[in-house]
Amino acid sequence: MPMKNTRKSEDLFARAGRVIPGGVNSPVRAFASVGLTPRFIARGEGCRIWDEDGNEYIDYVCSWGPLILGHRHPSVEAAVRDALGRGSTFGASTRGEVELAEKIVQALPGVDMVRLVNSGTEATMSALRLARAFTGRSKIVKFAGCYHGHHDSLLIKAGSGALTFGAPSSPGVPIEVARNTLTAGYNDLASLEEVLSAEAGSDAGLGSGPKAGLGSGPKAGSDVAAVIVEPVAGNMGLVLPEPGFLQGVRRVCDMYGALLIFDEVITGFRLGYGGAQAYYDVVPDLTCLGKTIGGGLPVGAYGGRQDIMSMISPSGPVYQAGTLSGNPLAVAAGLATLEEVAQEGFYEDLEKKTGVLAEGWRQAAENAGAPICLNQMGSLMTSFFVPEGTLRVTDFETAGSADTQRYAEFFKYMLEQGVYLPPSQFEALFVSAAHDEKSVQRTIEAAQHAFWRLGQD
Ligand SMILES: *Cc1c(COP(=O)(O)O)cnc(C)c1O
């Protein structure tokens, strides 16, 4: 397979590098961890994209999740055009916002009320402020390898781009802020209990007594306001929760009076209509959303229990606002997307298709004698290039053991064959409703060839 012409992408990347840091507006797009020139995408249609040089690819990034229906889905496009014809933004309330909020509240067991924002980062940032205000506590617990956006409090052991670039946190995050974020191990309930009990213990040791916070449970000495988790982790590659893990996190939160925040920015309306919380039957106090609910336009949201959400301004004292929040175009795209995914059998079809891809992929690796661990759930999948003998990838450590150099080579062989995978070992692959059987089969054949080439290296 000849390497395709990439001259126009190369020229654009050179120009971009002079005026945009690293030439990109989000780090993973730079292809740094796969050592190639990033392709500049000119257009997309269904499950396909075309770069500026006219090369065609089957797209498994799908904008990192929002495009669960693929590129240019007719009803999403029609809804956005229609909204545009009425005005792009007013900074005032519109009917669409109410309809989208109603749909979200109806779908998610843990959401009585919801506030729309513009990104997933904004959603988690605002949820933390709210949790701190509600409990009167200041600390947050997150899990290593979970990514919740790029604001200070959560850019600690944050997977994804941070993991790819070997910087678990970032310069510029004040130590005073970082100190308030504690980390536990994903799928390691004991480590969570340890963190929370140490917190409660050290507090009691200082003789400060129980806080006057509303979460005064049996161990109210804790200063932990909330535990935030990706119920299914998608930012260290795909890592599934072990049976009982999420239930355990819920139980430990209750024990220490900490709020449980599910970051469902990826899983919301992707694992199923009720997200991970319905799938696992674990109800969080607060939920963060993004990606799919915007149908490809910039949206985020945070929602939860009514008593907590009522603290948000103007009904309560916790301030949070946004010039473009609830933007009519984004809301229209989101509404149209949610209508499509609500159709009977939508998620079953998507899961079945992804299952076929996963099975073919696994077989291809096995045929070539390549030791991989393949994690798949719903329409999400990651193939980890783990060391021989690794049986499962279940957390930050096992994910981190993957050979990024081998992934980079595999990625290149796939790209040459017209398959556009996430340009990082630590990002999940996204399948959309627009991926047809033929494209899935072509992808499996390409994987077969790529694994074979890897074996020749
Ligand atoms: C993508 C993502 C975010 C951040 O969303 P942005 O819209 O990129 O700010 C937060 N949490 C999770 C789980 C994500 O996957």
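The values are calculated or read from the model by the stated rules, or taken from the named source; none is laboratory data. Nothing here was measured: the structure is a model prediction, and the numbers come from that model. Please note: Cβ atoms are built from the backbone with ideal geometry, for glycine as well, and neighbour counts cover all protein chains shown.
Each residue in the range 386-440 was checked for being assigned to a loop (DSSP other than H, G, I, E, B) and either among the acidic types (Asp, Glu) or in contact (Cβ under 8 Å) with a residue 40 or more places away in the chain (or both), and 22 of them qualify.
Of all residues in the range 326-350 being of a type in the set (Gly, Ala, Ser) and under 20 Å from the mean Cα position of the chain (by Cα), which is surrounded by the most Cβ atoms within 10 Å (Cβ to Cβ)? If we take residues in the range 326-350 being of a type in the set (Gly, Ala, Ser) and under 20 Å from the mean Cα position of the chain (by Cα), then Gly334 is surrounded by the most Cβ atoms within 10 Å (Cβ to Cβ).
Give me the residue from the range 274-314 that is in contact with a Gly (Cβ under 7 Å, 6 or more places away or on another chain) and part of a loop (DSSP other than H, G, I, E, B) and, out of that set, farthest from the ligand (Cβ to nearest atom). Looking at residues that are in contact with a Gly (Cβ under 7 Å, 6 or more places away or on another chain) and part of a loop (DSSP other than H, G, I, E, B), I get Ser310. Apart from one condition, Leu69 fits all of (1) free of Cβ contacts under 8 Å to residues at least 60 places away in the same chain; (2) out of contact with any Leu (no Cβ under 9 Å at 6 or more places or on another chain); (3) among the aliphatic types (A, V, I, L, M); the exception is (1). Pairs are defined by a Cβ separation below 9 Å, a sequence spacing of at least 6 or placement on different chains, a first member in the range 118-131 that is farther than 13 Å from Gly303 by Cβ, and a second member that is near the ligand (Cβ under 7 Å from one of its atoms) and assigned to a helix (DSSP H, G or I); the pairs so defined are Gly120/Lys291.
Looking across the range 264-273, the residues that are within 15 Å of the ligand (Cβ to nearest atom), assigned to a loop (DSSP other than H, G, I, E, B) and not basic (Lys, Arg) come down to Glu264, Val265, Ile266, Thr267, Phe269, Leu271. Looking only at the range 363-372, how many residues end up being in contact (Cβ under 8 Å) with a residue 24 or more places away in the chain and touching a Phe, Trp or Tyr at 6+ places or on another chain (Cβ under 8 Å)? The number of residues fulfilling the criteria is 5. Checking the structure you have, find out if any residue of the range 244-253 is within 15 Å of the ligand (Cβ to nearest atom) and at pLDDT 95 or above. Yes, some residue in the range 244-253 is within 15 Å of the ligand (Cβ to nearest atom) and at pLDDT 95 or above.
Ser88 falls short on exactly one of the conditions (1) under 30 Å from Met311 (Cβ atoms); (2) among the polar types (S, T, N, Q); (3) in a loop (DSSP other than H, G, I, E, B), and that condition is (1).
Does Ser119 satisfy the criteria of being of a type in the set (Ser, Thr, Tyr), away from the ligand (no atom under 16 Å from the Cβ) and surrounded by fewer than 24 Cβ atoms within 10 Å (Cβ to Cβ)? The answer is no for Ser119.
Scanning the range 123-145 for residues that are part of a helix (DSSP H, G or I) and crowded, with 24+ Cβ neighbours inside 10 Å turns up Ala123, Thr124, Ser126, Ala127, Leu128, Leu130, Ala131, Phe134, Thr135.
Within the range 205-230, the set of residues being over 15 Å from Gly257 (Cα atoms), more than 16 Å from the ligand (Cβ to nearest atom) and either modelled with pLDDT of 95 or more or in a helix (DSSP H, G or I) (or both) comprises Gly205 only.
Which one of Thr337, Thr382 is in contact with a helix residue (DSSP H, G or I) (Cβ under 7 Å, 6 or more places away or on another chain) and in contact (Cβ under 8 Å) with a residue 24 or more places away in the chain? So that I can check it myself, show each step before the final result.
On the way: Thr382 fails: in contact with a helix residue (DSSP H, G or I) (Cβ under 7 Å, 6 or more places away or on another chain).
After applying the criteria, what remains is Thr337.
When the test is whether a residue is more than 14 Å from the chain's Cα centre (by Cα), away from the ligand (no atom under 11 Å from the Cβ) and among the hydrophobic types (A, V, I, L, M, F, W, C), Leu260 passes it. Of the numbered criteria (1) under 24 Å from the mean Cα position of the chain (by Cα); (2) at pLDDT 95 or above, the one Glu56 fails is (1). Can you find, within the range 53-93, the residue that is surrounded by the fewest Cβ atoms within 10 Å (Cβ to Cβ) among those that are of a type in the set (Ser, Thr, Tyr) and closer than 23 Å to Thr287 by Cβ? In this case the residue turns out to be Ser93. Restricting the first member to the range 261-288 and to residues that are polar (S, T, N, Q), and the second to residues that are within 11 Å of the ligand (Cβ to nearest atom) and part of a loop (DSSP other than H, G, I, E, B), the beta-carbon pairs closer than 9 Å and six or more apart or on different chains are Thr267/Glu230; Thr267/Pro231; Thr267/Val232; Thr267/Gly234; Gln277/Pro231; Gln277/Glu264; Gln277/Thr267; Thr287/Glu264. Across the range 91-119, the number of residues qualifying as assigned to a loop (DSSP other than H, G, I, E, B) and either of a type in the set (Lys, Arg) or at negative phi (or both) comes to 10.
Screening Ser63 with (1) small (Gly, Ala, Ser); (2) without any contact (Cβ under 8 Å) to a residue 12 or more places away in the chain; (3) closer than 30 Å to Gln448 by Cα gives one miss only, at (2).
Quick check on the range 362-385: of everything there that is on the phi < 0 side of the Ramachandran plot and assigned to a loop (DSSP other than H, G, I, E, B), which residue is surrounded by the fewest Cβ atoms within 10 Å (Cβ to Cβ)? Applying the filter and picking the extreme gives Pro371.
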